[in-house]
Amino acid sequence: AQSVTQPDIHITVSEGASLELRCNYSYGATPYLFWYVQSPGQGLQLLLKYFSGDTLVQGIKGFEAEFKRSQSSFNLRKPSVHWSDAAEYFCAVVRYNTNAGKSTFGDGTTLTVKP
Amino acid sequence: DGGITQSPKYLFRKEGQNVTLSCEQNLNHDAMYWYRQDPGQGLRLIYYSQIVNDFQKGDIAEGYSVSREKKESFPLTVTSAQKNPTAFYLCASSPQTGRGTGELFFGEGSRLTVL
């Protein structure tokens, strides 16, 4: 069965500092990979996605992520964090071998931004 | 604007009562999903539907029921058999099933509290 691990439950960074959120997955083939962001009490919004091709993908709000097959990782990065980036971030993997497109989510990483 | 509408946003229920959460989408998506979110546990799939009049159990379907009589609508009933129903419930849709992007579009969520 596929699984997603986000090793960091909570991360605190200062405004203007760089950010990296880790995501590791377990899957028998190259999956479709996603990062979503959730503000408190809200639904999730897609930040970026990887299907194939260039392993460095750009997303909204200045985020990027790099797919590393050898490490089964899909880490999310941002060069300079803004206070409005404080939220919970979820990595997800989708499998398509069952014709269902069901997503499996990591447990999330909560980002706190210090002024 | 196109999107997913969940209602109610907040719901209180006494033990032993069934409640139904509404989910409507006008994105013309084929697939719809219900997720449950608990603190520190990410999102867990309850039910999903790929086409009208068909749906499948997810990972935690016990104590829940759904219907898919229209493409736009996918209501979730939390029955009295669900032992721990207090949670945040998220509805999502996806443009294609079995192929395509796999991206999920989420509603704003419904918070159910059992008194």
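Bear in mind that the values in this text are calculations on the coordinates, not laboratory data. Only a predicted model underlies this, so the values are computations on that prediction, with no experimental measurement involved. A quick note on method: Cβ atoms are made from the backbone with ideal geometry, for glycine too, and the neighbour counts reach across all protein chains shown.
Just want to confirm a number: the relative contact order over chain B, from Cα pairs under 8 angstrom separated by 6+ residues, in percent. Taking the mean separation of contacting Cα pairs over the length of chain B, I get 35 percent.
Cross-link partners for B:Lys71 among the lysines, with Cα-Cα distance under 23 Å and sequence neighbours closer than 8 places in the same chain left out: A:Lys102, B:Lys9, B:Lys57. Remark: spin-label model distance B:Ala61-B:Ser22 equals 2.6 nm, labels positioned 7 Å along the Cα→Cβ axis. Rounded to the nearest 20, the size of the Cβ-charge dipole of the range B:5-115 about its Cα centre is 220 debye, with Lys and Arg at +1 and Asp and Glu at -1.
Listed by chain and number, the aspartates and glutamates whose alpha-carbon sits under 13 Å from that of A:Lys78, ignoring those within fewer than 8 places in the same chain, are A:Glu15, A:Glu20, A:Glu64, A:Glu66. The DSSP beta bridges internal to chain A are antiparallel in roughly 85% of cases.
Of the GluC sites (Glu not before Pro) found in the range B:1-84, those in coil by DSSP whose Cβ has at most 15 other Cβ atoms within 10 Å are B:Glu15, B:Glu62, B:Glu69.
Placing +1 at every Lys and Arg Cβ and -1 at every Asp and Glu Cβ, with all other atoms neutral, what dipole size does the protein assembly as shown have around its Cα centre, in debye to the nearest 20?
It works out to roughly 300 debye.
Dimensions of chain B along the principal axes, based on C-alpha atoms and rounded to the nearest Å, stand at 41, 30, 28, largest first. From largest to smallest, the equivalent ellipsoid semi-axes obtained for the range A:34-110 from the alpha-carbon gyration tensor read 21, 17, 10 Å. From least to most packed, judged by other beta carbons within 10 angstrom and beginning with the fewest, A:Asp54, B:Asp59 follow the order A:Asp54, B:Asp59.
Straight-line reach from B:Lys70: taking Cα to Cα under 12 Å and skipping same-chain neighbours fewer than 8 places apart, the aspartates and glutamates in range are B:Glu24, B:Asp30, B:Asp54. Across the range B:1-67, the volume of the C-alpha convex hull divided among the residues equals 118 Å³ per residue. Rounded to the nearest whole Hz, the Karplus-based 3J(HN,Hα) values (6.51 cos²θ - 1.76 cosθ + 1.60, θ = phi - 60°) of the range A:74-79 follow the sequence 8, 7, 9, 9, 8, x, with x at glycine and proline.
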